[in-house]
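Q: Please find one structure pasted underneath; my questions will follow.
The values are calculated or read from the model by the stated rules, or taken from the named source; none is laboratory data. Predicted, not measured: the structure shown is a model, and the values here were computed from it. When we count neighbours, we look across all protein chains shown, and the Cβ atoms used for this are built from the backbone with ideal geometry, even at glycine.
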Amino acid sequence: MPLDPETRAQLVDQIRRFVDDRLIPREAEVADADAMPADIIDEMRGMGLFGLSIAEDYGGLGLDMEEEALVIFEIGRAAPAFRSIFATNVGIGSQGIAIDGTPEQKAKYLPGLASGAIIGSFALTEPEVGSDAGSVRTTARREGDHYILNGTKRFITNAPHAGLFTVMARTDPAAKGAAGVSAFAVEAGVPGLSLGKPERKMGQQGAHVCDVIFDNARVPAEALIGGVEGRGFKTAMKVLDKGRLHIAAACTGLAERIIDDMLDYAVGRRQFGRAIADFQLLQAMFADSKAEALAARALVLDAARRRDAGEDVSMAASCAKMFASEMVGRVADRNVQVHGGAGYIKDYRAEQLYRDARLFRIYEGTTQIQQTIIAKTLIAEAKARAGT
Ligand SMILES: Cc1cc2nc3c(=O)[nH]c(=O)nc-3n(C[C@H](O)[C@H](O)[C@H](O)COP(=O)(O)OP(=O)(O)OC[C@H]3O[C@@H](n4cnc5c(N)ncnc54)[C@H](O)[C@@H]3O)c2cc1C
């Protein structure tokens, strides 16, 4: 059930105040310590952020995609590490179970994911398998009432904190490509599961990724998501469709925040006897940034509303993710330029946000993979029109 307009406005306003009063002032602390403060995580739990997209029946807020986007536009204004800590529970770490899980799997895991008591991670990427996600090499071999998992998952967000992993593994070694892949809900403590060292990253300090290693890990047969083998890749793609709109919303929010930073600096900084904001060469950067951020907002909201209405928005989600992630990269780069030398210095936020924004063009499908999805859909439509 969509929220009534007043409740929706209150929710968005509450998140905006939380971001301005609690998150932005602590960005430097989080980046320097490379850790998320426990009190901030507790506040996020209290506000229901971990359960934004999980149905109310399981203790979540049950937001639809448009409402989730409105919330993420606001959260996106803070350094992206803050969103990262709860975002896997909202998207890729819970939605496999929420969309395709059995009633028992939903009852067992969704309440803990919604409250933030459990951190959920999504484990698809492997050392040799990235963009070509259907070629998963991790294996899951049935042995009595268990599956035995072997393989390594790479760059898994929140893995060092996770209580539950949605793992893509090949159950049918004879089937080539995506058809032989299944999804499993794997609890962190199972024997044979271990973690690599947290990676040192370019940006988004405070958010953590590491390898997840399965060495004859014994997982109960009930962990197979949906109880059917061979559906894992379809589950992953449904999860990623929604996740791409979420990421596009985060990029849009970050761009809007960076534009504010850019203008605040430019009206205060003086050169040649006047505010640098008066120079038309910089004004072009402000105008381009604003128009592009508005375009991204419109793309996200249009696709989100159409998804809520039951339309297939795969191509629109790819368009939104591609455009918004490239757009925030350009905006973050202009912000460094507007700041001049200060843009290169750590004490100003410009250089951190520039590094933080870079990841958006890589994960949940690179820009090139979004381009291939968009082009493939367009070509299929053209062939259908031509009857070929
Ligand atoms: C910080 C971080 C967090 C992450 N979190 C997660 C997570 O939680 N779970 C998870 O499963 N994964 C996660 N990933 C992995 C991420 O999704 C992959 O890195 C990404 O999908 C790209 O895969 P790759 O790194 O193997 O690059 P590759 O697939 O090797 O790509 C390298 C380059 O080749 C290009 N390329 C590849 N194929 C094509 C093609 N067909 N056409 C044109 N160009 C192509 C790519 O666009 C890219 O430019 C994370 C990564 C990072 C860095």
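Q: Check whether at least one residue in region 17-38 is within 16 Å of the ligand (Cβ to nearest atom), assigned to a helix (DSSP H, G or I) and crowded, with 16+ Cβ neighbours inside 10 Å, and report yes or no.
A: Yes, region 17-38 contains at least one residue that is within 16 Å of the ligand (Cβ to nearest atom), assigned to a helix (DSSP H, G or I) and crowded, with 16+ Cβ neighbours inside 10 Å.
Q: T235 passes all but one of (1) closer than 26 Å to R361 by Cβ; (2) surrounded by 24 or more Cβ atoms within 10 Å (Cβ to Cβ); which number fails?
A: (2)
Q: If you take the residues of region 118-132 that are farther than 24 Å from R218 by Cβ and not charged (D, E, K, R), which of them is surrounded by the fewest Cβ atoms within 10 Å (Cβ to Cβ)?
A: Checked region 118-132; the qualifying residue surrounded by the fewest Cβ atoms within 10 Å (Cβ to Cβ) is S131.
Q: Could you list all residues from region 355-376 that are under 18 Å from V313 (Cα atoms) and among the hydrophobic types (A, V, I, L, M, F, W, C)?
A: Selection gives I369, I373, I374, A375.
Q: Here's another thing I want to ask about it. Being in a helix (DSSP H, G or I) and of a type in the set (G, A, S) is the filter here; which residues of region 39-53 pass it?
A: So in region 39-53, the residues in a helix (DSSP H, G or I) come out as 39-47, 49-51.
Selection gives G46, G51.
Q: In addition: Using beta carbons and a limit of 6 Å, which pairs, at least six apart or on different chains, have the first residue in region 356-373 and on the phi > 0 side of the Ramachandran plot and the second one of a type in the set (D, E, K, R)?
A: Close Cβ pairs (under 6 Å, with a partner that is of a type in the set (D, E, K, R)) amount to E364/R244.
Q: What pairs can you find where one residue is in region 200-222 and away from the ligand (no atom under 14 Å from the Cβ), the other is aromatic (F, W, Y) and in a strand (DSSP E or B), and their Cβ atoms are less than 9 Å apart, with a gap of 6+ or different chains?
A: Close Cβ pairs satisfying both conditions: A217/Y147; R218/Y147; V219/Y147; V219/F184; P220/Y147; A221/Y147.
Q: Output the helices (runs of 4 or more DSSP H) that fall wholly within region 274-388 and possess 2 or more residues being within 16 Å of R77 (Cα to Cα) and either within 23 Å of the chain's Cα centre (by Cα) or at pLDDT below 95 (or both), or say none.
A: Values: elements: 280-308, 314-338, 349-358, 367-386.
Hits in region 274-388: 280-308, 314-338, 349-358.
Q: If the Cβ limit is 7 Å and pairs must be 6+ apart or interchain, which residue in region 123-134 that is farther than 16 Å from F184 by Cβ and touching a residue at least 12 places away in the same chain (Cβ under 8 Å) pairs with which residue that is more than 6 Å from the ligand (Cβ to nearest atom) and assigned to a strand (DSSP E or B)?
A: P127/T152; P127/R154; G134/V181
Q: Also, I was wondering about something else. Restricting to region 133-162, and then to whatever is within 15 Å of the ligand (Cβ to nearest atom) and in a loop (DSSP other than H, G, I, E, B), can you tell me which residue is surrounded by the fewest Cβ atoms within 10 Å (Cβ to Cβ)?
A: Here the residue is R137.
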